[in-house]
Every structure is written in structure tokens, then in C-alpha cells.
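Every number here is computed from the coordinates shown, using simple stated rules; none is lab data. A quick note: this is a predicted structure, and the numbers were derived from the prediction, not measured. Cβ coordinates were reconstructed from backbone atoms using ideal geometry, including for glycine residues, and neighbour counts include every protein chain displayed.
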């Protein structure tokens, strides 16, 4: 449902903005990115459903952040030393912020491979959508979301599961709209800064989640998570100050 609402919002924006239709190369990049993101979501939810949030969440976040950094290194386009220091702080901060209590160490380890797979999926979205040219903003994301939606339908068909009713979870529809907004700003960021910088900064969202959880829902946040928030803020300073 989140993917469906995201497609609708992006399509409306593309038509209102008068975005040109992407060429074949951009369509392929966007579709591949959308499928990569869908694989990441499927693996993440599967890992979380096993009760392995303490391992799945931070491992997914760090892996997703590492993929675009390695991509730029392989392209022989290394970041400046200050940016690299910021990336290292970001990896550590994301890991600490995402830490939650686990029932036991065995439970922590069960979702490791799913978390790595999810991180690779999200990281591939960061990289692949970043290869789309700057000619359009919303249309390539429509392609990516449509590909992700098609992949979700395929998984549902293979598992012989029914589609959820549109009215069954309105929060999922809202999440799709907000996620589409995040995709838009990330895609725009890739046009104005390095791919790895845009990806790493986008991946610092767990810090804001912790702050909101503490402020709005009065959730008890561990000292380790607060340290992670501070490290994430320091990472932003290092990345942007060079």
C-alpha cells in the first residue's frame, strides 16, 4: 500500500510539473533501482518479523550506507579526508542509534544475512537511481516506484497472498507519501553533490527517529542511542564542512 500511494503522488507531481519522459537508459536505471529498493524492504521486513531488530536495523543501515561509498571508491572517485572521517562517524552513529534490546544473543544473530541482503538492496537503490540523468525529477521516480510495485505484486503472487485492503492501514498510505518525498529530495541531492555524500546524509534518519520518539511518544532511549545521535550530528559537520 505504501508503494501504491507513493506512485500516485509521484505521478501527479510528474504531470503537474511537466516532467519529460525518461529515455530508455534512464528507465532501466530507475527500474533497477526500484527493484533493488523493493528487495531491501522485503528482506528488512522479513528480518524484523523474526524478532531480530537489534541486529537487523543497524546492520541494514550501515550496509546500505557502505554500498555507495564503495561504489565511488571503485570509480576511483574517493572523498576528501574530512568527508571520509564523516562517513566513518556516520557508520558508527547509525549502528549505535539503531541498537535496541534483544532477548538473547542468538536472536541477535539470526537476521544477519537478511540484514546484509536488505542493506545491499537499499544501497543499490542509492547507487542506481543516482545514475539517472538530471533532465527530470519525478518521472524517473515514478518508474522506480512502479517497478517496485510490480515486484511486490510478483512476490504476493508467488506466496499466494491476498492484496491488503486500501482502508486496512491508512498509516501505510501516509508512509508511502512521506517515503516518496524522501526519494525526491535524495534524487535532487544527487544532482548537486557527490553520490556517496547524498546517500550517507540520507541514511542518518535513525537519529531523527530517536529524537522524535523521545519527544513525541516519550520512549525511553538508551545512553548508547543518545551517543549515536551525537555522533551522527558530528558526522554531518565533518561531511559538510569540507
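Mind checking which of 130, 157, 47 has the largest fluctuation in a GNM of the chain, springs on alpha carbons under 10 Å?
Comparing 130, 157, 47 in a Gaussian network model of the chain, the most mobile one is 157.
Rank 187, 87, 21 by mean-square fluctuation in a GNM of the chain with C-alpha springs under 10 angstrom and give only the top-ranked residue.
21
Under a crude label model (7 Å from the Cα following the beta-carbon direction), how far is residue 154 from residue 241 in nanometres?
4.6 nm
If packing is taken as the mean number of other Cβ atoms within 10 Å per residue, what is the order of 225-238, 59-72, highest first?
Working: 225-238: 18.5, 59-72: 22.4.
The peptides rank, most packed first, as 59-72, 225-238.
To make sure I understand, if each residue's beta carbon is the centre and we count other beta carbons within 10 Å, what order do 161, 219 fall in, fewest to most?
161, 219
Would you mind ranking 98, 214 by Cβ crowding within 10 Å, fewest neighbours first?
Fewest-to-most ranking of 98, 214: 214, 98.
By how many nm would the segment from residue 209 to residue 21 lengthen if fully extended, with 0.36 nm per residue of separation less the alpha-carbon distance?
Contour length minus Cα-Cα distance gives 64.2 nm.
Please compute the volume of the convex hull spanned by the alpha-carbon atoms of segment 1-94 and report it per residue in Å³. Walk me through the numbers on the way to the answer.
On the way: hull volume 14.0 nm³, N = 94.
Hull volume over Cα atoms, normalised by residue count, gives 149 Å³.
Looking at the chain from every direction and averaging, what is the projected area of its Cα convex hull in nm²?
Values: hull surface 56.8 nm².
Result: a mean projected hull area of 14.2 nm².
Give me the three principal axis extents of segment 107-242 from the C-alpha atoms, as integers in angstrom, largest value leading.
Projected onto its principal axes, the Cα set of segment 107-242 covers 45, 42, 30 Å.
At a 10 Å Cβ-Cβ cut-off, how would you order 160, 194, fewest neighbours first?
Fewest to most other Cβ atoms nearby, the residues stand as 160, 194.
Using the beta-carbon distance between residue 77 and residue 218 and R0 = 35 Å, what value does 1/(1 + (r/R0)^6) give for FRET efficiency, to the nearest 0.05?
FRET efficiency, residue 77 to residue 218: 0.20.
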